[in-house]
Amino acid sequence: MRKLARFNLVRNINNYFSKRKFKNSKEPASDKSDSLFKELDIDEIVKQLKENGFYLGINLPQDIVTEIIEFAYSHPCYGNRKPWLGFYYHQREQIKSKLGKRFVLASYFNTALYCPAIQKLRNDPSLLAISTKYLDTQPVIQGNELWWSFAGETSSSEKKRAFQMFHYDIDDYKFLKFFFYLTDVDETSGAHVCIRGSHNKKKFTHLLFHKKETDQDIIDYYGRETLVTICGQAGLGFVEDTFCFHKGTTPTAQDRLILQIEFATTDYNMQNDLKSPSICKLLRF
């Protein structure tokens, strides 16, 4: 059922892009001695991914955390992922006052080009080994994203746009995402929530109508015991097959900074954070 569902959902995308040629992302190196995660048990991680849809415990070294945080503080982010709404993180309250509204999130562009730590993670041999074994093919890097989720109350429409309602991804026939918290995260600061085993089990309407689901819809079908809320200190990392239902919860106490790196079987040139510097504009005060 899972394979059939993915095939049907992605088939039209494949048909469209099969006539276009894209340059695949650079494949990471294979020497595991260069990995930041030398002690990981690849077989156990893949086993848990297949059973549960996720695995916790791919944690960043502190120096990598520090480098990415320093990058985030010293480079502009872009409100609601719009390249003409750039500002520095320390300006977020000024931007709110100037525009008379706040952003729910803000993303960075061209992160692997400007941040060596993120480039190193994209090329990490252990992340490649996990992806290769789980996807059962030599994967490509679809892209990466670094973004802030800002604390505050959000409307239903804002939650949908910020992926703060249960949904699943169909980026490719098979794909895998690594997530890393760059700030401390608890249940009040944007914890990621996923549904154990839902990558292998969906009711027909979930497959037929790809939409964001209410919490009650998910709880009624899967059971409350399948909800996994991921909390931890800055540096906590996990890998997830995001064909399972998942969401980011709305932070209320403090902002959350998170990094995502995605591997897949094909790169459609749609999931990266690349933007021409010529279109990236800072807001003026």
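For segment 195-231, residues that are under 16 Å from the mean Cα position of the chain (by Cα) and either within 18 Å of Arg161 (Cα to Cα) or hydroxyl-bearing (Ser, Thr, Tyr) (or both) total 1.
Mind checking whether some residue in segment 267-274 is of a type outside the set (Asp, Glu), more than 18 Å from Leu146 (Cβ to Cβ) and in contact with a helix residue (DSSP H, G or I) (Cβ under 8 Å, 6 or more places away or on another chain)? Yes, there is a match, as at least one residue in segment 267-274 is of a type outside the set (Asp, Glu), more than 18 Å from Leu146 (Cβ to Cβ) and in contact with a helix residue (DSSP H, G or I) (Cβ under 8 Å, 6 or more places away or on another chain).
Within segment 228-244, the set of residues being crowded, with 16+ Cβ neighbours inside 10 Å and not hydrophobic (A, V, I, L, M, F, W, C) comprises Gly232, Gly235, Gly237, Glu240, Asp241, Thr242.
Residues in segment 72-86 that are open to solvent by 10 Å² or more (accessible area, probe 1.4 Å) and more than 11 Å from Cys280 (Cβ to Cβ): Tyr73, Ser74, Asn80, Arg81. The residue list Arg20, Arg11 contains one member that is at pLDDT below 95 and farther than 30 Å from Ser278 by Cα, which is Arg11. For segment 96-139, the set of residues classified as in contact with a strand residue (DSSP E or B) (Cβ under 6 Å, 6 or more places away or on another chain), open to solvent by 10 Å² or more (accessible area, probe 1.4 Å) and farther than 18 Å from Asp63 by Cα consists of Phe103, Tyr134, listed by residue number. Checking each residue in segment 212-227 for being in contact with a strand residue (DSSP E or B) (Cβ under 6 Å, 6 or more places away or on another chain) and either open to solvent by less than 20 Å² (accessible area, probe 1.4 Å) or over 22 Å from Ser156 (Cα atoms) (or both) picks out Glu213, Ile218, Tyr222, Thr226.
Taking Lys159, is it within 22 Å of Gly143 (Cβ to Cβ) and crowded, with 16+ Cβ neighbours inside 10 Å? No.
Among the numbered conditions (1) touching a strand residue (DSSP E or B) at 6+ places or on another chain (Cβ under 6 Å); (2) over 30 Å from Gly79 (Cβ atoms), the only one that Lys203 does not meet is (1).
The values are calculated or read from the model by the stated rules, or taken from the named source; none is laboratory data. Predicted, not measured: the structure shown is a model, and the values here were computed from it. We place every Cβ from the backbone using ideal geometry, glycine too, and count neighbours over all the protein chains shown. Each accessible area value is taken on the protein alone, full model and side chains, heavy atoms only, with ligands, DNA and RNA left out. Shrake-Rupley method; radii C 1.70, N 1.55, O 1.52, S 1.80 Å.
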